[in-house]
Amino acid sequence: MSTKDNLQPVASALAGTRLCPWESGPAVIELQELLNAHGFRLKVDGDFGEKTAAAVATYQRQHGLRIDTIVGVQTWAALKTTVQPGCRSLRLGHTGADVFELQWLLQICGYDLQRDGIFSEQTKQALIAFQQRHKLQDLGWVDPITWRVLRGGSLPLPTPPDQKRPPGSW
């Protein structure tokens, strides 16, 4: 069975760097984005501080995981398999079930790319081509408007200029 035929992301798409409170960097940013996609309201600053640790502990409790505030294999896998597509912006390097869904939607639209749950350069190039074809800003990352169009929705209508001003401000 080829990767395109798999019904779930490859194991490496669900992995992540082991993180502990006090750490910082890009992996913490992805953690904070995933936690926000699960309903938490964290500042995405790359700092695994007190608020991020509390959110991790709450998430672990809610999902029957060991409550230790350490983001290891099981916590990463849970975060990445339960994230709903469209709940976070996706960019190069992101991994998870939402990336897997993105790749599937791009395949349906005719783009030839590997469906593995890893936002690779190949996924980025297919996404840019999709954004250009649909006259979207070719960002190379997935924003809410791109998610909408990928799912077959239309672009939001622009607000007429005369409706942007509050009444009486002419």
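Sorting 74-80, 87-93, 20-26 by their mean Cβ neighbour count within 10 Å, with the most densely packed peptide first, gives 74-80, 87-93, 20-26.
Taking the Cα centre of segment 97-150 as reference, the dipole from Cβ charges on Lys and Arg (+1) and Asp and Glu (-1) amounts to some 220 debye. Classify the chain as rounded, prolate or oblate, taking a ≥ b ≥ c as the square roots of the eigenvalues of its Cα gyration tensor: rounded when a/c is under 1.5, otherwise prolate if a/b is larger than b/c and oblate if not. It is oblate, given that a/c is not under 1.5 and a/b is not larger than b/c.
Full extension of the chain segment joining ALA11 with THR58 gains 14.5 nm, where the gain is 0.36 nm per residue of separation less the Cα-Cα distance.
Find the percent of Cα-Cα distances in segment 1-89 that exceed 17 Å, and round it to a whole number. I get 46 percent for the Cα pairs in segment 1-89 exceeding 17 Å.
We did not get these values from a lab; they are worked out from the coordinates using the rules stated. Keep in mind it's a predicted model, so treat the numbers as computed, not measured. Please note: Cβ atoms are built from the backbone with ideal geometry, for glycine as well, and neighbour counts cover all protein chains shown.
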